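Chemist: One structure coming up, written as C-alpha cells, with questions to follow.
Values in this text are rule-based calculations from the coordinates and carry no lab data. No experiment lies behind these values; they were computed from the predicted model shown. No Cβ is skipped: glycine too gets one built from the backbone with ideal geometry, and neighbour counts run over all protein chains shown.
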Amino acid sequence: MGTTQTTPLVLVHGLWDTPQLFRRLETRLDGRRPDLWIPHLPHGLGYPPLEVLAQRLGDGIEERFGPDQPIDLLGFSMGGVVARTWLQWMGGHGRTRRFWCVGSPQRGTLAAQLVPRVLLAGIADMKVGSRLLRRLNGDPSALERVACKSFFSCTDITVFPGWRATLPVGPRQDVPVWTHRQLIAHPRSLDLLVEALLAP
C-alpha cells in the first residue's frame, strides 16, 4: 500500500477548530510527509451530526485523491470520531493504512452529557452512551483492518475522563501533558506524533 513518504496523510481537526490547528505539527514534519492534506470541515456550533461530517470528509478524500489511493489518517478531538465514522461505515477502512486518534472521545465524554441533541447533534454524538458511539463500539471489526493507535491524556477535562479517548483496538499511549489542547500543541506530544507519523 505504499511507503510512509509516498502515502498521503490526512489530518482532521476538531470542534471549533480550523486547519490552522495543525500548524505546529506541520512545521515539525518539515515536509517529510510531502502529500499532506488538511481539509476544513466547518462544524458550526456543533449542530451537524458527525455522520454528516464523515460523509463530507469521505467526499473530500475521494475528490482529492481519487477512489483508490491509500492514505494515512489522523484525527484530533471530535475529528477523530468523524474520521472513525468514515472508516467504519463509509468504506474508509478499505483504503486507510494507519489511523491515529488524538484526544478523541471514542468512548464518549461526560463534558457533552447535558447537551441536547435537538440543538447540537454533533456534540450530542459524543455523549457517553450516544447512539453513534454505541454503534461504532458495538462492531469495530472494520478497524481491525487498519493499524490504529490512540493518544490521550489522563488529565484531559474536555474528554473526561481522559482514558475514554481511546479506540477499542490498537495500542494506547498516555501522553505526559495536562490539557486537551496540549495533545496537539505541546512539544512532548508533537515529538510522539511526529515519531508515529514518520515511522515506516
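Chemist: If each residue's Cβ is checked for other Cβ atoms within 10 Å, how do 148, 154 rank with the fewest at the top?
Modeler: By the 10 Å Cβ count, ascending: 154, 148.
Chemist: What's the local net charge at residue 166, with K and R +1, D and E -1, over the other residues with C-beta under 9 Å away?
Modeler: +3
Chemist: Hey, if you drop one equal point scatterer on each alpha-carbon of segment 47-94 and run the Debye formula without solvent, what base-10 log of I(q)/I(0) do you get at q = 0.20, 0.23, 0.30 Å⁻¹?
Modeler: Normalising to I(0) and taking log10 leaves -0.60, -0.79, -1.25.
Chemist: Translational diffusion coefficient, Stokes-Einstein: compute it for segment 1-83 using the Kirkwood radius over C-alpha pairs as Rh, at 4 °C and 1.567 mPa s, and state it as an integer in µm² s⁻¹.
Modeler: 98 µm²/s
Chemist: Could I ask something else about it? Tell me, 78, 90 in order of fewest to most beta-carbon neighbours within 10 Å?
Modeler: 90, 78
Chemist: Using 0.36 nm times the number of residues separating residue 32 and residue 144, minus their current alpha carbon distance, what extension gain do you get?
Modeler: Separation in residues times 0.36 nm, less the Cα-Cα distance, equals 37.6 nm.
Chemist: Right, something else. Taking the number of other C-beta atoms within 10 Å as the exposure measure, put 99, 22 in order starting with the fewest.
Modeler: 22, 99
Chemist: Pop out the ³J(HN,Hα) list for segment 111-121 in order, Karplus 6.51 cos²θ - 1.76 cosθ + 1.60 with θ = phi - 60°, rounded to Hz; leave Gly and Pro as x.
Modeler: Computed from phi, the couplings for segment 111-121 are 5, 9, 4, 9, 7, x, 5, 4, 9, 9, 4 Hz.
Chemist: Something else now. Taking amide H positions as placed 1.01 Å from N in the peptide plane, with prolines and chain starts having none, which residues 5 or more places from residue 173, or on another chain, fall under 5 Å of its amide H?
Modeler: 150, 151, 152
Chemist: Report the local net charge at residue 56: Lys and Arg +1, Asp and Glu -1, summed over other residues whose C-beta lies under 12 Å from its C-beta.
Modeler: -4
Chemist: Can you quote the Å³ per residue value for the convex hull of the Cα atoms in segment 34-176, rounded to an integer?
Modeler: Cα convex hull per residue, to the nearest whole number: 102 Å³.
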